[in-house]
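Chemist: The following block contains the structure, expressed as structure tokens.
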Amino acid sequence: MRSRRGKWIAFALVFLLSCAAIYAFSHSNVTQKHQGDLAQASVQAYHITRKDMMRKISLSGQTVPLAQVDLSTKYAGNIAAVNVQLGDVVAPNQILLVQDTEDTSLTLQQDQAALSQAAADTKAAQSQFSSDLQRAQVDYATANMNYNRYVILKEEGAVSQKDLDTMYQALIVAKSALDNLQSQNVGDTPAVIAEKYAAQAKASYVVDSIGKQLTDMTIRAPRAGVITYRNAEVGAMAAANTKVLTITDTSGMYIDCPLSEADVAAMQVGMPVTVSIESLAHTYNGTITYVSPAMDPTAKTYIVRITLAQPPATLRGGMFAQSSVDVLQRQNTCFVPKDALSEQSGVSQLYMIRPDNTIEIRTVKTGLRNDDYVEITEGVSDGDTIATTNLARLKNGTAVTIEQETR
């Protein structure tokens, strides 16, 4: 009995010792693992320095030629000549297309004859009026002299009162005829002559109008460029206001880029930019030459125009273009990469690297933001260093090895 009891006691002691050994071993592994986590972690670091915080604004759009001019017939008529083909380079004032002008030329000659006739009528009216005026002046002077003579004769009893009245009536008629000629003036010109001048001017306007029509039936290049559209053949009938040719001026190129209200305020005319053209795999220098003063009511954006300097001949309208502008967001401030900031429940924290290369988790206050950086207004100082990678492994007191440091 005593032997059996001793065996049970020995077995219990062995069991208890085994459990104690297992617990001690497990606790030791957990402690070592926890200490290992605190002891080492490789990170990349960012050295905080107070400097200007910049923001990158992206610009994108399509290349647009300097000018594209559609040329249309102003009047109906057959096409007599087409002097250009698609792709031809043209110079200003070069003759591109000519319509048949035979009918218009005949009309012009007819109207010129009518103008000559109107000029002759004006000259004849001037001569006739001058003659009528002189005759009326002579008739009035004669009637006045006869009347004065009859007054004297009446006083002497040589003529009767009836004879004197007859002379007076002749004087009144002559005076009325003279006054009629002298009072019918338009300004300083007699009405009958002014009427002829008006008819002559009207005929002159008709001649000028037909002459202008004759000129417009020859279409000339309004500027230098390349023929990029041609819809005209010799002998075809072209109706009035028919588009027949297009000139595209590629000597200059610009890009219209839509921007939001938040970004357009930073844009200034004269800013230099570098534009990337994807299809040509090349970049070109340009300048911002226009910033829209008003929002497009449909797109709710503002237009910023970039003009390219010395665009190559390989550049075509409609090519996709990209650019960006760095603008000042805040002067002389502290900011950190966005990925370095931990934000939970409205609390922002940074993983500060102390001089002994251990981590201190610090709560900070943030300010302005952009695509890459966040301004820190409270909680850091110029010269501090923070961890930017491997943040999930970092805790207060974790020792770190800095693989790479940026500023």
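Chemist: Mind telling me which of the residues ALA170, ALA177, ALA158 ends up being in a loop (DSSP other than H, G, I, E, B) and at pLDDT below 90? Let's see the steps before the verdict.
Modeler: Values: ALA170 fails: in a loop (DSSP other than H, G, I, E, B); ALA177 fails: in a loop (DSSP other than H, G, I, E, B).
From the options ALA170, ALA177, ALA158, the qualifying one is ALA158.
Chemist: Those residues that are outside any strand (DSSP E or B) and either in contact with a helix residue (DSSP H, G or I) (Cβ under 6 Å, 6 or more places away or on another chain) or closer than 20 Å to GLY317 by Cα (or both), I need them from segment 223-270; list them, please. Can you show your working first?
Modeler: Taking segment 223-270 as the starting set, the residues that turn out to be outside any strand (DSSP E or B) are 223-224, 231-236, 239-242, 260-270.
Selection gives ARG223, ALA224.
Chemist: Let me ask something else. Looking for something modelled with pLDDT of 90 or more and either open to solvent by 70 Å² or more (accessible area, probe 1.4 Å) or within 30 Å of LEU108 (Cβ to Cβ) (or both) - is there at least one such residue anywhere in segment 188-199? Walk me through it before giving the result.
Modeler: Our first condition is that a residue be modelled with pLDDT of 90 or more; within segment 188-199, this holds for 198-199.
Keeping just the survivors that are either open to solvent by 70 Å² or more (accessible area, probe 1.4 Å) or within 30 Å of LEU108 (Cβ to Cβ) (or both) gives 198-199.
Within segment 188-199, one or more residues are modelled with pLDDT of 90 or more and either open to solvent by 70 Å² or more (accessible area, probe 1.4 Å) or within 30 Å of LEU108 (Cβ to Cβ) (or both).
Chemist: Have a look at VAL138, VAL151, VAL186, VAL173 and point out the one that is under 60 Å from the mean Cα position of the chain (by Cα) and not charged (D, E, K, R). Steps first, answer last, please.
Modeler: Numbers: VAL138 fails: under 60 Å from the mean Cα position of the chain (by Cα); VAL151 fails: under 60 Å from the mean Cα position of the chain (by Cα); VAL173 fails: under 60 Å from the mean Cα position of the chain (by Cα).
Of VAL138, VAL151, VAL186, VAL173, the one residue that is under 60 Å from the mean Cα position of the chain (by Cα) and not charged (D, E, K, R) is VAL186.
The values are calculated or read from the model by the stated rules, or taken from the named source; none is laboratory data. Because the structure is predicted, anything quoted here is derived from the model rather than measured. All Cβ positions, glycine included, derive from the backbone under ideal geometry; neighbour counts span all protein chains shown. Protein only, heavy atoms only, side chains kept; ligands, DNA and RNA dropped before computing areas. Shrake-Rupley method; radii C 1.70, N 1.55, O 1.52, S 1.80 Å.
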